[in-house]
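The block underneath contains the structure these notes are about, expressed in structure tokens.
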Amino acid sequence: MENKKRQYILITGAYGGMGRAAAKLLAQQGFRILALDRKTGEESENIIPIEADITSEESVRCALETVRSYTDALYAIVHFAGIYMLDSLVEMDTAQFRHIFEVNLQGAFLVDKLFLPLLPKGSRILITTSELAPLDPLPFTGIYAVTKGALDKYAYSLRMELQLLGVSVSVLRAGAVDTGMLGVSTDALDRFCSKTALYTCNADRFRKIVNRVEARCIPPGKIAAKTASILAKKNPAFAYSINRNPLLLLLNILPKRMQLWAIRQVLK
């Protein structure tokens with residue numbers, strides 16, 4: 001690989017909490033960051049803003065042409081783009097169901113597919129999924145967990161294929177991160193509890209579960225440091241985890257019947 005100061009890394013969701021922190025740290029390390037997001041900021045040292053909507057193939061193609069004006073090879077693609085949603089699987093709007101899949105799953109697919117020609121042998125893709133991805137979801141967080149679980153499975157399938165081309169694929173399963181999304185989840189919970197027609201939802205009880213899961217949140221800087229560490233590895237493993245929640249892990253150790261029983265006792 002060429003000197004780090006001339007290596008380029010494409011980051012999606014680069015102006016969110018985790019993406020911004022990772023872009024800043026990697027830029028400080030000498031990488032040139034192609035910072036892709038729907039809304040960007042001004043260009044700064046080693047950070048090049050690129051506006052794009054990853055749910056639109058046309059927009060991603062335009063971003064590819066912009067990137068080609070800077071380089072014909074990427075050291076890595078790092079995915080941080082994603083949205084959170086809390087709702088009932090049988091009450092949520094169909095358009096919202098489609099949209100979260102477009103952002104959380106299809107976006108990564110489009111970027112990886114279209115940017116593949118810029119990934120030489122020895123390059124890598126790092127996809128941020130969620131600690132929920134391999135776990136059983138809590139009620140009403142199912143849609144988020146399903147998309148992140150699908151993204152995790154997509155990443156493994158992609159790793160199986162791209163290993164044949166000399167490109168590694170890894171996932172970073174991050175627990176709660178202090179990015180402002182915690183407030184988003186609280187607002188989403190309040191909206192759900194006020195609108196649901198099927199569930200007698202005790203908002204206070206469910207909020208206690210959410211708060212316990214999210215109480216151990218870490219700053220985005222720790223995600224950035226973990227990202228840099230993974231990208232520096234010669235032979236990255238498939239999955240890396242950070243800030244796993246012991247309550248979620250304990251719940252998932254239980255047999256499915258006991259998990260269902262425990263949730264009924266808490267929420268009914």
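The values are calculated or read from the model by the stated rules, or taken from the named source; none is laboratory data. Values in this document were obtained by computation on a predicted structure and should not be read as measured data. Positions of Cβ are generated from backbone atoms using ideal geometry, with glycine treated the same way; all protein chains shown enter the neighbour counts. Surface accessibility is based on the protein's heavy atoms, side chains included, excluding ligands, DNA and RNA. Shrake-Rupley method; radii C 1.70, N 1.55, O 1.52, S 1.80 Å.
Key figures for this structure:
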quantity	calculated
Enumeration of residues in region 135-149 that are more than 14 Å from the chain's Cα centre (by Cα), within 22 Å of residue 106 (Cβ to Cβ) and open to solvent by 30 Å² or more (accessible area, probe 1.4 Å)	137
Checking residue 39 against (1) exposed (fewer than 15 other Cβ atoms within 10 Å of the Cβ); (2) out of contact with any strand residue (DSSP E or B) (no Cβ under 9 Å at 6 or more places or on another chain), the condition it does not meet	(2)
Breaking point among (1) surrounded by fewer than 21 Cβ atoms within 10 Å (Cβ to Cβ); (2) among the polar types (S, T, N, Q); (3) in contact with a strand residue (DSSP E or B) (Cβ under 8 Å, 6 or more places away or on another chain), for residue 157	(3)
Residue in region 56-63 that is modelled with pLDDT of 95 or more, crowded, with 17+ Cβ neighbours inside 10 Å and in a helix (DSSP H, G or I) present	yes
Test: residue in region 44-53 that is touching a residue at least 60 places away in the same chain (Cβ under 8 Å) and touching a helix residue (DSSP H, G or I) at 6+ places or on another chain (Cβ under 8 Å)	no
Residues located in region 84-128, provided they are modelled with pLDDT under 95 and open to solvent by less than 50 Å² (accessible area, probe 1.4 Å)	84, 85, 86, 87, 88, 92
Candidate set: region 240-268, residues that are among the aliphatic types (A, V, I, L, M) and in contact with a helix residue (DSSP H, G or I) (Cβ under 8 Å, 6 or more places away or on another chain); chosen: the one least open to solvent (accessible area, probe 1.4 Å)	248
Single unsatisfied condition, residue 105 versus (1) farther than 15 Å from residue 57 by Cβ; (2) free of Cβ contacts under 8 Å to residues at least 60 places away in the same chain; (3) in contact with a Leu (Cβ under 8 Å, 6 or more places away or on another chain)	(1)
Cross-chain or 6+ apart pairs with Cβ under 8 Å, region 65-91 first and farther than 21 Å from residue 129 by Cα and among the β-branched types (Val, Ile, Thr), then outside any loop (DSSP other than H, G, I, E, B) and open to solvent by 30 Å² or more (accessible area, probe 1.4 Å)	71/32
Residue check, residue 21 touching a residue at least 12 places away in the same chain (Cβ under 8 Å), closer than 15 Å to residue 227 by Cβ and assigned to a helix (DSSP H, G or I)	yes
Unique residue being of a type in the set (Ser, Thr, Tyr), surrounded by fewer than 16 Cβ atoms within 10 Å (Cβ to Cβ) and either in a loop (DSSP other than H, G, I, E, B) or under 18 Å from the mean Cα position of the chain (by Cα) (or both) when the list is 70, 15	70
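Listed here are the residues, each with its yes/no results for (1) closer than 26 Å to residue 240 by Cα; (2) part of a helix (DSSP H, G or I); (3) of a type outside the set (Val, Ile, Thr); (4) touching a helix residue (DSSP H, G or I) at 6+ places or on another chain (Cβ under 6 Å).
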position: 83; (1), (2), (3), (4): yes, no, no, yes
position: 91; (1), (2), (3), (4): no, no, yes, no
position: 101; (1), (2), (3), (4): yes, yes, yes, yes
position: 107; (1), (2), (3), (4): yes, yes, yes, no
position: 112; (1), (2), (3), (4): yes, yes, yes, no
position: 127; (1), (2), (3), (4): yes, no, no, yes
position: 135; (1), (2), (3), (4): yes, no, yes, yes
position: 144; (1), (2), (3), (4): yes, yes, yes, no
position: 150; (1), (2), (3), (4): yes, yes, yes, yes
